[in-house]
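Computed from the coordinates by the stated procedures, all read-outs in this text should not be read as laboratory data. Since the model is a prediction, treat every value here as computed from it, not as a measurement. Here the Cβ positions follow ideal geometry from the backbone for every residue, glycine too, while neighbour counts run over all protein chains shown.
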Amino acid sequence: MKLKSLIKEELNDMVREVAAEAPGATLVKDDRLKFASVVNAEFHEYDAFTADFDTRINPSKITVFWGISFLVNPEGIFKFNIDIERVEGQYLLQMLDKQTDELMQETPKNIADVKWRFPVEEAILERGGFLFVRELHFNFKHNMCDVVF
């Protein structure tokens, strides 16, 4: 219950911050602006899975579900947001012998089993341009998935 109240408080703070930036603005969301992109994802800092073996995760196809929303006021579009909803797919965790690098075990893992944070550093939406997810970089140490547009 405490976690829900913390999340609610954070969301309220964000709404107040946006309202201060753009008085009279309205958030516009539409299901037609939701997308699913299959991306060849890369994985980083996953060595904490086991101390007994060296580990490796090769790039894998992962589906990212995302959408776009707009903050509008009577004068036009004030800001747009990219909302990453979730990721789905599997990656293959390979465990290698520390001495010989011989493959000892392969274990399929579900990418959605980790609670990921999705920072979007830069996404440029311009007239006549396009906006697609180009890359996903999963960092297991920080539970972050960098989404590159």
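Pairs to check: LYS34/LYS109; LYS61/LYS115; LYS79/LYS141; LYS109/LYS141. Give those whose C-alpha atoms are more than 21 Å from each other in this structure. Present the calculation step by step, with values, prior to reporting the outcome.
Values: LYS34/LYS109 26 Å; LYS61/LYS115 18 Å; LYS79/LYS141 32 Å; LYS109/LYS141 16 Å.
In this structure, LYS34/LYS109; LYS79/LYS141 exceed 21 Å between Cα atoms.
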The set of residues whose placed amide H lies less than 5 Å from the amide H of LEU93, leaving out same-chain residues fewer than 5 positions away, is THR107, LYS109
What residues from region 96-128 fall in the zone where the backbone N is under 19 Å from a label point 7 Å along the Cα-to-C-beta line of PHE80?
-> 119-128
So for the pair THR26, HIS142, with labels modelled 7 Å out along Cα→Cβ, what separation do we get in nm?
-> 3.8 nm
Using a basic spin-label model with each label point 7 Å from the Cα along Cα→Cβ, how many nm lie between PHE49 and VAL120?
-> 2.9 nm
If you bin every alpha carbon distance in region 97-149 into 10 Å steps from zero, what whole percent lands in each bin?
-> 19, 31, 27, 16, 5, 1
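What translational diffusion coefficient, to the nearest whole µm²/s, does region 39-149 have by Stokes-Einstein, given a Kirkwood radius computed over alpha-carbon pairs, a temperature of 10 °C and 1.306 mPa s viscosity?
My calculation gives 100 µm²/s for D.
Mind giving me the FRET efficiency for ARG56 and ASP113? R0 is 30 Å, r the Cβ-Cβ distance, nearest 0.05 is fine. All intermediate terms of the calculation are to be shown ahead of the outcome.
Working: r = 19 Å, r/R0 = 0.62.
Given R0 = 30 Å and the Cβ-Cβ separation, E is 0.95.
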